[in-house]
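Structure record follows, encoded as structure tokens.
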Amino acid sequence: MYYFHNEQAFLSVYTRQKLMSGHLPVITKAELKSAAQKVYCKNCKAFKFDNLTLLSEKFEDTSKIVGFNKGKAFTITKESLHPTYQFVDFTTKYDERIYFGSDDNNVDKIPGATIAQCDEQSKNVAALATEYIVDRVAQKYIAKEIDNGHWSCQMSKTSYIFKDDLGRTLNLGGTKKCFADFYIHTYRMIACMTMASNGKLEISSNKGGTLAYNNFKRVVAPFPLFDESSTELFVQNRQKGFHVKIDGENVTADGKTLVKLAPQTSALAACAELFSN
């Protein structure tokens, strides 16, 4: 039997697992109470989650003591906790998966806004981020198919997807049409998510219980083929995947500032436009 010593330890594990699962990054009192009743831990049933402000403060204090504090881990709005990019699970010994059941009404992966409601700045930065992310996902997809013996290593450039549609020729899932759909979906999601977060967004394919990885999971959720091939694990404490950061008008990817490509040089944009009409 697992034993969570206090509410803040339970919150730490619950938040990590919710973020890693791609659920909407909002945590309410009701879902914490429900999860604590279902988890296989005797003392969890006595945990109190009525005061989220106090719970957040306890989390900060405990996190600081064990050396994981990186800043304010949660913001509180409308009786809900919202993990920030500073959230880090400070526990090391709780591996039990906490129940996410059908009574959890907080699992929507789609932001409330629509692309028509997004401002031009959100659309512009989303276009830059999407170009980079889809290209990186395409690289990882090709590499996986090469490892599986389904794709020639001499045709590793992404142009073999976006121009030549080699995936369709080889009867594989990663066709030009599939990537065009992914491009359009990613653009819409990032624009809406950026708009909803006041122009600040981070997306990371490095698997972990962070808000940046949660954003990636929510973007890639409808495309399990790309989720499987592009998610990266930490290897010797080094990140292998990508990390994209949007801050106002600026977009950086793995520390480099992204700039807009001319339409005629972007095979990805041309591919998406072809199938969006």
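On a full-extension model of 0.36 nm per residue, what is the gain between Lys48 and Asn171, subtracting their alpha-carbon distance, rounded to one decimal in nm? Don't skip to the end; give the middle numbers.
Numbers: separation 123, 0.36 × 123 = 44.28 nm, distance 5.42 nm.
Extra length from Lys48 to Asn171 when fully extended: 38.9 nm.
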Counting only backbone N atoms under 18 Å from a point 7 Å out along Cα-to-Cβ of Leu225, the residues of region 170-196 in range are 170-187
Two pseudo-spin positions, 7 Å from Cα along C-beta at Lys72 and at Lys260, lie apart in nanometres by 3.3 nm
Too long for a 28 Å Cα-Cα cut-off, among Lys140/Lys260; Lys48/Lys207; Lys176/Lys217; Lys18/Lys70; Lys176/Lys200, are Lys48/Lys207; Lys176/Lys200
Karplus ³J(HN,Hα) for region 20-36 (6.51 cos²θ - 1.76 cosθ + 1.60, θ = phi - 60°; Hz, whole; x = Gly/Pro) runs 5, 7, x, 6, 4, x, 9, 10, 9, 4, 4, 6, 5, 4, 4, 5, 5
Once Thr84 and Ser159 are pulled to full extension, the length gained, defined as 0.36 nm per residue separation minus their Cα-Cα distance, is 23.3 nm
Expected sort for 32-38, 171-177 on mean C-beta neighbours within 10 Å, highest first, is 32-38, 171-177
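How much net charge surrounds Asn148 when only other residues with a Cβ under 14 Å from its Cβ are counted (Lys, Arg +1; Asp, Glu -1)? Intermediate values should be presented prior to the final figure.
Values: positive: Lys140, Lys144; negative: Glu145, Asp147, Glu228.
Net of charged neighbours comes to -1.
Where a number appears in this text, it was derived from the coordinates with a stated rule and is not lab data. Just so it is clear, the model here is predicted, and its values are computed rather than measured. All Cβ positions, glycine included, derive from the backbone under ideal geometry; neighbour counts span all protein chains shown.
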